[in-house]
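Worksheet: one structure, shown below.
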Amino acid sequence: MKEARRGPHRMRPPPTPLEAAPPGEWLFEKDGRVYGPVPGSVLVELLGRGEVDGATPVALGEGAFRPLAEVPEFAVHVRMAAARRRVEQEVTSARQLARRRRRRRAVALVALSAAAAGGAGWVAFRMARERPWEAKSALLEDFGGGIAIAAPVRVGGARRSEPDEVEIPPAGAEARPPARSQPAAGAGRAAEGLVQSSWDGSQIQAVVAKEQRTLVPCIRADAERSRGWSGDIPLEFAIGNDGRVAQLWIDGPRKESPDLRSCLLAALSRWAFRPFPGERPVVSLSFRVGAR
């Protein structure tokens with residue numbers, strides 16, 4: 001048997017220890033929504049769990065968004081997380097399949113036991129609604145007390161004026177119905193005297209993600225005033241060229257609540273976005289009150 005040829009003996013350097021989590025407060029996008037701010041250690045944990053990856057857009061504070069893999073502070077964490085996921089997928093796929101089968105059998109046994117005890121209808125309803133065998137996302141927005149975000153934040157073009165709109169006035173001025181708005185230029189049309197819109201949708205979503213909790217006391221107070229009511233409260237607001245919220249719309253059954261409107265107007269008047277020229281964007285945000 002031939003002996004393998006040996007090359008020159010080379011000392012291997014010791015393995016590099018895992019770098020510490022990057023400092024600072026970070027925003028990140030997932031499924032069209034902006035989350036945060038969170039510490040860098042939280043992003044590292046989400047990487048380890050596979051809830052974000054190297055393609056996830058992130059931003060430090062109110063900076064520009066870029067893929068997580070392009071941020072030097074996270075480069076080692078991204079590579080290690082990808083390698084760990086590959087190994088785990090190869091090693092644990094059979095175990096995960098077995099756990100899922102055991103979980104389904106356990107749920108079926110619980111349902112059969114409840115049916116034998118006379119509670120089959122109630123158990124079937126709860127299982128169909130809550131799906132206990134499915135993992136709940138750790139990123140679900142929930143403010144407690146039955147109040148949560150009902151739909152992802154959307155940023156779009158101008159909304160048509162309605163008779164009951166209320167403009168948000170500068171500090172110290174009175175709220176007043178808006179003046180009749182002029183038709184806005186379309187996205188691909190040029191109109192004399194109009195400036196092309198240049199607002200930053202990612203920056204707007206980042207501010208909403210940071211400030212939306214300031215609206216929760218208004219929603220909670222309205223829920224206390226209307227005990228027994230549950231449902232969604234869709235909100236839309238327009239951002240003026242000065243970066244301040246200029247108009248508010250409330251849709252649905254709570255539209256006629258003057259206390260809710262005045263509270264939301266006061267909270268939104270303190271939000272600040274980057275100034276921009278051109279057509280005003282409209283932000284859609286929906287809260288859910290009670291179980292649905």
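So here's what we get for this one:
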| read-out | value |
| --- | --- |
| Listed peptides 96-109, 42-55 by packing density, highest first (mean Cβ within 10 Å) | 42-55, 96-109 |
| Protection proxy ranking, peptides 148-154, 255-261, average beta carbon neighbours within 10 Å, highest first | 148-154, 255-261 |
| Hz values of 3J(HN,Hα) by residue in the stretch 260-269 - Karplus curve (6.51, -1.76, 1.60), Gly and Pro given as x | 4, 4, 5, 5, 5, 4, 5, 5, 5, 5 |
| Assigned charges on the beta-carbon of Lys, Arg, Asp, Glu; the stretch 217-273 dipole about Cα centre (debye) | 160 debye |
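Taken together, the values in this text are just the output of simple stated rules run on the coordinates, not laboratory data. Predicted model, so just to flag it, every value in this text is computed and none were measured. Please note: Cβ atoms are built from the backbone with ideal geometry, for glycine as well, and neighbour counts cover all protein chains shown.
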